[in-house]
Amino acid sequence: MADVQTVEQGKIAADKEKMPLLVVRDLKKHFPIKRGLIQRTVGHVRAVDGVSLSVDTGETFGLVGESGCGKSTTGRSILRLIEPTAGEILFEGRDIRKMGSAEMRRMRRKMQIVFQDPYASLNPRYTVRQVLEEPMLIHNLFSTAAERKKRASQLMEIVGLSPSRLDRYPHEFSGGQRQRIGIARALAVDPKLIIADEPVSALDVSVQSQVLNLLDDLQKELGLAYVFIAHDLSVVKHISDRIGVMYLGRMVELSPADALYSEPLHPYSQALLSAVPVPDPEAKRDRIILQGDLPSPSKPPTGCPFHPRCKDAKDICKTVVPTWEEIRPDHFVACHLYS
Amino acid sequence: MATVMETQNGIKQTLAYPQKKPAPRVWRLLKAYPLVFLGGILVLGLIFVAVFAPQLQHFNPNQQFQNGLSAMGGPLPPNSTFVFGTDDLGRDIFSRVLFGARVSLEVGVFSSIISLFIGTSLGIISGYFGKFVDTVIMRLTDIMLAFPLILFVVALVASLGQSITNLFIAIGVLGWAVTARVVRAQVLSVKEYEYVQAAKALGASNWRILTKIIFPNIIPPVIVLTTLSIGNNMLLESTLSYLGIGVAPPNASWGNMLAEGQQVFQYAPWLLYYPGLALLLAVLGFNLLGDGLREAFNPRRVR
């Protein structure tokens, strides 16, 4: 999608329409490891190590990978909830990493987050009304309490909850309902982009589909863009337009959703897809079982980070880091098998 | 009562819960935790006694009565004149216990307020700003906790001079370590809550996060801690008075009454019973109240 050329041009106002809503380039987040009495830095955990992606208005970008691969860190770094170590985050063509704190806070109206754990993401001391009105107060969206109340009721209806329950506390709601409240809070500031950090993985399967449908409906109605983070490919499949697969802090494959499911290129993507359960007990499947554990991101393997677990590893994989290449239109992969 | 309604997104949702006006919070709390009630009564009783000690007294607490001693010159057991008996100098124990309440409460409350102030400030600074400041403050706290508080207080009172004011200043200035620890831990844990991250993502300023989210979360444990520490500091005052560095005789404190009483307790045990009982009830009152408040502040417990 957005190659470097169009991004460069996108900084010019005339080309802004072609510009994706969000462009992330070479994002890195290294956490220092500190030891000893004087807290000396002895190494770095490369949680995110050079991730690039772009999201268009109204599009859903799915980000998948196993636990600890850096998907959540990527999501939070994009919002600067975790300050990235390096890289560019262009939102509507402007690098938000260069913004001062006041400007950044105004910018946050346009990009919101929905968290994984609906039990931890709502302040237990606030009623739902307070939760929903807080964003309005922060950004001075309405001048009177009556207007805020009206908007809060409206938000409740949008996410399918009764406005009569506005004065209740979060603990009086079920997990799925809380997640709806979390979504309503994100919607309160009319964002353009929502980073959904595993929004359904804490919910029951029956409730998962309700919340996914809600997110889908909201996208159609409000033209939202999503970065949808998940570890479950079957969840991502329904909602995503394009999908990025992460492994050990790096993007290993990025392609339109259909192409990834019909023909995954990277051996890691193949292994992930083969692990998706099929609702037919008779179906014959060739599952690729990954050997070994995820290596420590503080000491990533040399060459391709996936080579110790890869079924197709060649000698070159052990020494040379594969480059990020567009094998087919819009289908990128970082793997020596294709170069 | 529940009805199913289709919303604009076409998602079916159970709506309309029976609306019953909940009972007042205080009443629900008392019903769930009756011991709080006892604690509250004890504390209110103590405050009442301390404030109205001059009106309640029968006699001047420091006066030695001729008729307060037996024919042998010993203390009198409780009788119709001296309801709690007299001590070995012929003073009225009832009046002395009343005035002891004043001293105990004064020292307990003021010293705890001083510790509360120092401890909360240091704890917030330490927890919120972290890094070097945190390390310095926490090592200082370790030092404070590593030495017995009583030794510090003895040294400080000795250098400041013996008076009630110096006593609570010394206890307060030296007793902040636990509060600082608790506040810091609370700040650290609240800081990591996802709803704090959510507020940050919504564009809330540091000031807003600190005042609207972190501070309200600090208040409940601090109030509980302060209530408990009033009890503890009352005990500490008694200990110091018992050791002879707290309230100077002839003024009454439960501690120095116990110290004087122990010399004759084998044949006049009431010298220990009444100040001991008063101390027990006062500390128990604050502890019960503190525990109750902890429950009261937990929004998940009392429905």
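How about the stretch B:85-101: which of its residues are buried (at least 21 other Cβ atoms within 10 Å of the Cβ) and either charged (D, E, K, R) or touching a strand residue (DSSP E or B) at 6+ places or on another chain (Cβ under 8 Å) (or both)?
Answer for the stretch B:85-101, where residues must be buried (at least 21 other Cβ atoms within 10 Å of the Cβ) and either charged (D, E, K, R) or touching a strand residue (DSSP E or B) at 6+ places or on another chain (Cβ under 8 Å) (or both): B:G85, B:T86, B:D87, B:R91, B:D92, B:I93, B:R96.
Consider only pairs whose beta carbons are under 7 Å apart and that are at least six residues apart or on different chains; among these, list those whose first residue lies in the stretch A:267-279 and is more than 13 Å from A:Q291 (Cα to Cα) and whose second residue is modelled with pLDDT of 85 or more and part of a loop (DSSP other than H, G, I, E, B).
A:Q270/A:P264; A:L273/A:P264
For the stretch A:60-72, name all the residues that are assigned to a helix (DSSP H, G or I) and more than 9 Å from the chain's Cα centre (by Cα).
none
Given the conditions (1) part of a strand (DSSP E or B); (2) within 13 Å of another protein chain (Cβ to nearest Cβ); (3) closer than 24 Å to A:F306 by Cβ, report the number of the one that A:K34 does not fulfil.
Condition not satisfied by A:K34: (3).
Return the only residue of A:D197, A:D217 being facing chain B (nearest Cβ under 10 Å), touching a residue at least 24 places away in the same chain (Cβ under 8 Å) and either touching a Leu at 6+ places or on another chain (Cβ under 6 Å) or of a type in the set (D, E, K, R) (or both). Write out each step before concluding.
Details: A:D217 fails: touching a residue at least 24 places away in the same chain (Cβ under 8 Å).
The unique qualifying residue is A:D197.
Right, B:I113: in contact with a Phe, Trp or Tyr (Cβ under 8 Å, 6 or more places away or on another chain), in contact (Cβ under 8 Å) with a residue 40 or more places away in the chain, surrounded by fewer than 22 Cβ atoms within 10 Å (Cβ to Cβ) and under 30 Å from B:S205 (Cα atoms) or not?
Against the criterion (in contact with a Phe, Trp or Tyr (Cβ under 8 Å, 6 or more places away or on another chain), in contact (Cβ under 8 Å) with a residue 40 or more places away in the chain, surrounded by fewer than 22 Cβ atoms within 10 Å (Cβ to Cβ) and under 30 Å from B:S205 (Cα atoms)), B:I113 does not qualify.
Given (1) outside any helix (DSSP H, G or I); (2) without any contact (Cβ under 8 Å) to a residue 12 or more places away in the chain; (3) within 22 Å of B:F168 (Cβ to Cβ), where does B:L280 come up short, assuming only one miss?
Of the numbered conditions (1) outside any helix (DSSP H, G or I); (2) without any contact (Cβ under 8 Å) to a residue 12 or more places away in the chain; (3) within 22 Å of B:F168 (Cβ to Cβ), the odd one out for B:L280 is (1).
Of the numbered conditions (1) part of a helix (DSSP H, G or I); (2) farther than 20 Å from B:Y242 by Cβ; (3) without any contact (Cβ under 8 Å) to a residue 40 or more places away in the chain, B:Y128 fails exactly one; give the number of that condition.
It is condition (3) that B:Y128 fails.
From A:S269, A:S234, which residue is buried (at least 22 other Cβ atoms within 10 Å of the Cβ) and of a type in the set (S, T, Y)?
The unique qualifying residue is A:S269.
Being within 30 Å of A:P118 (Cβ to Cβ) and away from chain A (no Cβ under 13 Å) is true for just one of B:A185, B:A180, B:A155. Which residue is that?
Result of the check over B:A185, B:A180, B:A155: B:A185.
From the set of residues in the stretch B:189-205 that are surrounded by fewer than 16 Cβ atoms within 10 Å (Cβ to Cβ) and over 18 Å from A:E133 (Cα atoms), which is nearest to the other protein chains (Cβ to nearest Cβ)? I'd like the intermediate steps shown before the answer.
Of the stretch B:189-205, the ones surrounded by fewer than 16 Cβ atoms within 10 Å (Cβ to Cβ) are B:189, B:192, B:205.
Filter once more, so that each one left must be over 18 Å from A:E133 (Cα atoms): B:189, B:192.
On the way: B:S189: 11, B:E192: 9 Å.
Result: B:E192.
Being modelled with pLDDT under 90 and more than 10 Å from chain B (Cβ to nearest Cβ) is true for just one of A:S121, A:S143, A:S153. Which residue is that?
A:S143
Just checking, which of A:V55, A:V128 is over 30 Å from A:P300 (Cα atoms), more than 11 Å from chain B (Cβ to nearest Cβ), among the hydrophobic types (A, V, I, L, M, F, W, C) and crowded, with 17+ Cβ neighbours inside 10 Å?
A:V128
As an exercise: evaluate A:I183 against (1) more than 10 Å from every other protein chain (Cβ to nearest Cβ); (2) surrounded by fewer than 23 Cβ atoms within 10 Å (Cβ to Cβ) and give the number of the one condition it does not meet.
Going through the list (1) more than 10 Å from every other protein chain (Cβ to nearest Cβ); (2) surrounded by fewer than 23 Cβ atoms within 10 Å (Cβ to Cβ), A:I183 breaks only (2).
At pLDDT 75 or above and either within 28 Å of the chain's Cα centre (by Cα) or within 14 Å of chain A (Cβ to nearest Cβ) (or both), is that true of B:G85?
So B:G85 fails the test.
I'm checking my understanding of the structure. Among residues of the stretch B:153-204 that are of a type in the set (S, T, N, Q) and not in a helix (DSSP H, G or I), which one is nearest to A:R185 (Cα to Cα)? Explain how you work it out, then say what you get.
Initial filter on the stretch B:153-204 (of a type in the set (S, T, N, Q)): B:159, B:162-163, B:165-166, B:179, B:186, B:189, B:197.
Within this subset, residues satisfying the condition of being not in a helix (DSSP H, G or I) are B:162-163.
Working: B:Q162: 59, B:S163: 57 Å.
For the stretch B:153-204, the residue satisfying everything is B:S163.
On the given criteria, is A:I82 within 11 Å of chain B (Cβ to nearest Cβ) and touching a residue at least 40 places away in the same chain (Cβ under 8 Å)?
On the way: within 11 Å of chain B (Cβ to nearest Cβ): yes; touching a residue at least 40 places away in the same chain (Cβ under 8 Å): yes.
Criteria met by A:I82.
Which of the following residues is over 30 Å from B:L69 (Cα atoms) and crowded, with 23+ Cβ neighbours inside 10 Å: B:V153, B:V173, B:V157, B:V136?
Details: B:V173 fails: crowded, with 23+ Cβ neighbours inside 10 Å; B:V157 fails: crowded, with 23+ Cβ neighbours inside 10 Å; B:V136 fails: crowded, with 23+ Cβ neighbours inside 10 Å.
The match here is B:V153.
One line per residue, one yes/no per condition, for (1) under 27 Å from B:V36 (Cα atoms); (2) within 11 Å of another protein chain (Cβ to nearest Cβ):
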site: B:W207; (1), (2): no, no
site: B:K212; (1), (2): no, yes
site: B:I219; (1), (2): yes, yes
site: B:T227; (1), (2): yes, no
site: B:L240; (1), (2): no, no
site: B:G244; (1), (2): no, no
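Do we have any residue at all in the stretch A:134-155 that's surrounded by fewer than 23 Cβ atoms within 10 Å (Cβ to Cβ), more than 18 Å from A:R105 (Cβ to Cβ) and touching a residue at least 60 places away in the same chain (Cβ under 8 Å)?
Taking every residue of the stretch A:134-155 in turn, none turns out to be surrounded by fewer than 23 Cβ atoms within 10 Å (Cβ to Cβ), more than 18 Å from A:R105 (Cβ to Cβ) and touching a residue at least 60 places away in the same chain (Cβ under 8 Å).
From the list B:F152, B:F168, B:F147, which residue is in contact with an Asp or Glu (Cβ under 8 Å, 6 or more places away or on another chain), hydrophobic (A, V, I, L, M, F, W, C) and farther than 30 Å from A:N123 by Cβ?
Numbers: B:F152 fails: in contact with an Asp or Glu (Cβ under 8 Å, 6 or more places away or on another chain); B:F147 fails: in contact with an Asp or Glu (Cβ under 8 Å, 6 or more places away or on another chain).
Matching residue, one of B:F152, B:F168, B:F147: B:F168.
The values are calculated or read from the model by the stated rules, or taken from the named source; none is laboratory data. Note that this is a predicted model, so its numbers are computed, not measured. For neighbour counting, all protein chains shown are included, and Cβ atoms are generated from backbone atoms with ideal geometry for every residue, glycine included.
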